[in-house]
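Have a look at the structure below before the remarks.
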Amino acid sequence: MDQAGLRKLEAQCVQEEPPSCTAECPLHVDARTFCTLMNEGNWSKAWGILTRTLPLPGVLSRLCHGPCMDACLRSKKGGAINLPALERFCAVQVTKPVRSIPMPAKGKRVCVLGGGLAGLSAASDLVRKGIKVVLHSSKPGLELAEADSSPLPSGILESELERLAKLGVDFQPAINVSRAECESLLEEFDAVVIDRTEQDIAPLNLDEPDAVTLGTSLPGLFIAGVEGEPIFQAASGRKAALSSERFMQGASMVAGRDREGSYESLLHTNLDGVAPVDPVAVPEDGYDVEQAKAEAGRCIHCECLECVKHCEYLEQFGSYPKVYARQIYNNQTIVMGTRMANSLINSCTLCGLCETLCPGDFSMEDLCLHARRDLVEQGHMPQSAHEFALRDMNFANGPDCSLARSAPGTKASTHLFFPGCQLTASRPDAVRSVYDHLRHNIPGMGIMLRCCGAPAEWSGQVSEYDRAISELRSQWESLGQPEIVCACPTCQGMIRSALPGASVSSLWQVLQDTGLPESAKNVGMELTVHDPCTARHEPELRQQARTMLESVGAQLNEVEMSGELTECCGFGGLLAEANPKLGSDVAKRRADALSGEVVTYCAMCRDMLSKGGARISHVLDILFPDAAVGDMAARPVPGYSRRRENRAHLREELLRDLWQEPGAPPKPYDELAVSFSDAALSVMEERRILESDVRKTLLHSRDTGQRLVHKETGRLRATYRPVAVTYWVEFEEKDGEYFVHNAWCHRMRVAGGAA
Amino acid sequence: MSVIRVPEADAGGWSCDRCGEELKPTPVNLEYMDSRFTVELPFCAKCGIALISEELAMGKMLEVEKLLEDK
Ligand code: SF4
Ligand code: SF4
Ligand SMILES: [Zn+2]
């Protein structure tokens, strides 16, 4: 990602856009924060919000008619927030005078002719920026200064004028200027602002001022002042002040001014869950404390966060995609020092929900996947993030587990059953039953046991992925390019994109077409469907699974976030490997959102959500239940070691039963007699230590004699580093039988004594 | 380079079974991702086995590994 790419991405996220009220306000008061503070009863801080933005806060807070109300989204849910009434209430509460600290003097001087709200506002803005102002007016404030007809309570205008005088506005009597006199003022001052509501501009013989800058054919002369509401007069004064400043700095007069007045915000706010609330009526002498708090409390606090609301990952990292894009960009461009965003990059499940929800189609999936590829390419991907998952993939694709055969007694395949490595790991017996059932109806049904390559793809390992896929491709070609029948939505998507020439279908469709098992008719269950995130953009697949379930008599319920809005189980993108704690939080959150008996058609979703606390079955748990288990929805999830054994055993079983071939001889470490305490098994699972790692360590210790002994307990410890991880095992040994109490590991390598 | 001492590196009653030797606190080199530290660990002077306890491996060591991986 380069700078331009970052800018483009940032622009897709509208979370930092102002709410529509602020965009509509000609002076852009931060009404959202103002309402929060008003609702809390924090009048003085709320007043601070007004004084920060309004040039004459005491006056404008009392006189503004509230054009923001036309844009307020609350108007669709009861009625717009009454900002004018709230501002008036706030102004009355705060009796302390406004304290303005001007910026250091800049050595510039501006002459303002005319003391209407535009002239006064221009003067106020300029003196606050350290620019000296001389203001000529017969009566600063004009009709606001008329004691008997002013809409303001007495004393308000006076104290604002006093404040301006203190800040350095030099009030002088009105003067009439000719064009020549105006030109000489322009020589004496750095700029001149005219408020035409007091100062007659006819003698100057000028065209109407420019709409964007209020500039005229006399450089440095700006004409402000409009008929109409006070807030528009003030905005016109502010525009003239800004133009004078730009003129004095020699900056562009027009660049970046498109959002100076009212504009349309791009902020997206979902009002679906917002209940209507009627406005609080304003009594004749204004709100009281409770009324003001209640009216401010109706503010919706408009913001987007559509993606964050539905993603535990986005929420836990505490911000939103626009900020994440910057963090990931910085992570990538860093030369020295810590890459702070590695965990952010590796924790996205790549589920694609954010992009579906986002009004600007922001895709964290694309962002994180590309960032992972960059990390891998630059050699900066943390080793520990995905190594275990990639080892697991290589095991599934290695000689112990992988198999690619045409059906026994056939030479080529018309079809190929591809169960996927996780279904094989979770329910090898179901894979076997399905394969027997399929062969019965489609004699040319071959089988391929291996991984589809998703872990390599998700971890950004492009070359490992290419290797896995080219092996898969050549096996498929050698079987006669059969139609591939997938039992896993992830495999189906991966294979579809890797083998564009192959015809790929779902097991659910094939079972529906060729016959469901007799035993599964009339299941008569009520089930809530969980769609895997890899089926988000596969409406046909989602429908096929449903149709099949309904045709065996299941009654299906849908949750709110399903179909293309489904939420990930926590396994996607290898989240559960790179960030196990977040992985289980994601699983738990999704499990909590699924009520009753749940069904899904992804083996990994089934296992993750089961660990997350759901009563959940895989479709095959319903079609091909395991008689030995009984309650399939509560079937325990096999651990990492068992998953590997399940794959290897299924391969052996198929070879033996269907092709009458002996399996591979057992490995020497498999022949050790080893048993484990429950505590050992549970820490091993958490630390990603396999039983085979422990066995290798014990075998190494037996062969070398190297081990430690404890002088009181007699317990033993052995250590071994097969490749990149050093394992430690604490155990007892009696007559060649091992009992394992504990195991731990580290990646740091012991390079010997330093002496 | 200075030798790092950590409280988790106590022999705690463990000795080398093969050599019959006590484990003595000894400076040992540890390496990860192009970084090298010298840490005092219980060590068998005869066969060179260094004890890395569960507390050390899953605590400080893991922290340092993660830090180095993000460098
Ligand atoms: S959905 Fe998320 S990424 Fe998209 S605009 Fe909203 S906050 Fe930004
Ligand atoms: S986990 Fe899914 S919803 Fe969340 S950021 Fe990643 S792709 Fe988007
Ligand atoms: Zn020794």
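The values are calculated or read from the model by the stated rules, or taken from the named source; none is laboratory data. All values derive from a computational prediction rather than experimental measurement. Positions of Cβ are generated from backbone atoms using ideal geometry, with glycine treated the same way; all protein chains shown enter the neighbour counts. What goes into the accessible areas is simple: the full protein's heavy atoms, side chains included, and nothing from ligands, DNA or RNA. Shrake-Rupley method; radii C 1.70, N 1.55, O 1.52, S 1.80 Å.
Points to keep in mind about this one:
- One residue from A:Phe418, A:Phe362 being touching a Cys at 6+ places or on another chain (Cβ under 6 Å), within 16 Å of ligand 1 (Cβ to nearest atom) and away from every other protein chain (no Cβ under 14 Å): A:Phe362
- Within the range B:38-61, tally of residues that are more than 7 Å from chain A (Cβ to nearest Cβ) and either surrounded by fewer than 18 Cβ atoms within 10 Å (Cβ to Cβ) or of a type in the set (A, V, I, L, M) (or both): 9
- Among the residues listed as A:Arg695, A:Arg717, the single one being at pLDDT 95 or above, crowded, with 19+ Cβ neighbours inside 10 Å and assigned to a helix (DSSP H, G or I): A:Arg695
- Filter result for the condition that a residue is assigned by TED's automatic domain parsing to the domain that holds A:Pro532, free of Cβ contacts under 8 Å to residues at least 60 places away in the same chain and charged (D, E, K, R), over A:Arg615, A:Arg643, A:Arg589: A:Arg615
- Among the residues of the range A:286-321, those that are surrounded by 19 or more Cβ atoms within 10 Å (Cβ to Cβ) and part of a helix (DSSP H, G or I) comprise A:Ala292, A:Glu295, A:Ala296, A:Glu306, A:Cys307, A:Val308, A:Glu312, A:Tyr313, A:Leu314, A:Pro321.
- Once the range A:182-229 is narrowed to residues that are among the β-branched types (Val, Ile, Thr) and open to solvent by less than 40 Å² (accessible area, probe 1.4 Å), the residue that is nearest to A:Leu242 (Cα to Cα) is A:Thr213.
- Screening A:Ala751 against (1) more than 51 Å from the chain's Cα centre (by Cα); (2) modelled with pLDDT under 95 leaves a single unmet condition, (1).
- Comparison of A:Leu565, A:Leu527 shows that the only residue that is touching a residue at least 60 places away in the same chain (Cβ under 8 Å), open to solvent by 20 Å² or more (accessible area, probe 1.4 Å) and of a type in the set (A, V, I, L, M, F, W, C) is A:Leu565.
- Failed item, numbered, when A:Glu712 is tested on (1) among the charged types (D, E, K, R); (2) over 22 Å from B:Met61 (Cβ atoms); (3) facing chain B (nearest Cβ under 9 Å); (4) part of a strand (DSSP E or B): (4)
- Residues within the range A:731-755 that are facing chain B (nearest Cβ under 7 Å) and on the phi < 0 side of the Ramachandran plot, tallied: 12
- Qualifying residue in the range A:350-357 (condition: farther than 29 Å from A:Cys72 by Cβ, in a helix (DSSP H, G or I), more than 9 Å from ligand 1 (Cβ to nearest atom) and modelled with pLDDT of 95 or more): yes
- Search result, residues across the range A:715-730 that are of a type in the set (Val, Ile, Thr) and within 13 Å of chain B (Cβ to nearest Cβ): A:Thr719, A:Val725, A:Thr726, A:Val729
- For A:Phe388, the test of being open to solvent by 20 Å² or more (accessible area, probe 1.4 Å), away from ligand 3 (no atom under 16 Å from the Cβ) and of a type outside the set (Val, Ile, Thr) is passed.
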